[in-house]
1. Within region 15-48, which residues are surrounded by fewer than 14 Cβ atoms within 10 Å (Cβ to Cβ) and either in contact with a Cys (Cβ under 8 Å, 6 or more places away or on another chain) or of a type in the set (A, V, I, L, M) (or both)?
2. Kindly indicate whether Glu30 is charged (D, E, K, R), in a strand (DSSP E or B) and within 18 Å of the chain's Cα centre (by Cα).
3. Just the residues that are at pLDDT below 85 and of a type in the set (S, T, N, Q), please, taken from region 13-33.
4. How many of the residues in region 29-76 are under 10 Å from Ala94 (Cβ atoms) and among the hydroxyl-bearing types (Ser, Thr, Tyr)?
5. Mind checking which residues of region 54-100 are in contact (Cβ under 8 Å) with a residue 24 or more places away in the chain, of a type outside the set (Asp, Glu), in a strand (DSSP E or B) and farther than 16 Å from Lys34 by Cα?
6. Among the residues of region 61-87, how many are over 25 Å from Thr107 (Cα atoms) and either of a type in the set (Gly, Ala, Ser) or out of contact with any Leu (no Cβ under 9 Å at 6 or more places or on another chain) (or both)?
7. If only one of Arg79, Arg3 is loosely packed, with under 10 Cβ neighbours inside 10 Å, more than 19 Å from Ser116 (Cβ to Cβ) and either at pLDDT 85 or above or out of contact with any Gly (no Cβ under 7 Å at 6 or more places or on another chain) (or both), which one is it?
8. Could you please give the count of residues in region 64-76 that are modelled with pLDDT under 90 and small (Gly, Ala, Ser)?
Amino acid sequence: MIRPGRMIIQVLRSLFKKPATSLYPFVKTEMPDKFRGKLKYYPEKCIGCMLCMKDCPSDAIVIKKVGEKKYIAEINLARCIYCAQCVDSCPKDALESTKEFELAKLTRDQLKVVISEETQSSSEPKT
């Protein structure tokens, strides 16, 4: 047990030290290059080879054909382990890892993302 006199000295020293923790929620953390975060899908580049589905160890990606040379991706972010194997195996770079990591939702159903050309073009800001 620390004696009261020594404890006061430690408390006074710690008052003038820089904190060891970060101010995360208030100051956003800059993620390093090659960080494997949320997946981004480019349906216009997809050729439907489904290599990403085959290589995914957690079966988090499902590619479905919706028309002539048109595909949608259903990505289950609750199952994804963010290994980026699908990104590496895609021959046309239709998948990309982003630096987005704040993915908390209230239910698991909200973590299932369906991406198609229509949903992607409507979510992008118009210039």
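The values are calculated or read from the model by the stated rules, or taken from the named source; none is laboratory data. Computed from a prediction, not measured in an experiment: that's the story for all the values here. Using ideal geometry, Cβ is built from the backbone for each residue, glycine included, and neighbour counts are taken over all protein chains shown.
1. Leu15, Ala20, Leu23, Val27, Met31, Ile47
2. No: the conditions fail for Glu30.
3. Thr21, Ser22, Thr29
4. Number satisfying all stated conditions: 3.
5. Ile61, Val66, Lys70, Tyr71, Ile72, Ala73, Ile75, Asn76
6. 8
7. Details: Arg79 fails: loosely packed, with under 10 Cβ neighbours inside 10 Å.
When all the criteria are applied, what remains is Arg3.
8. Result for region 64-76: 1.
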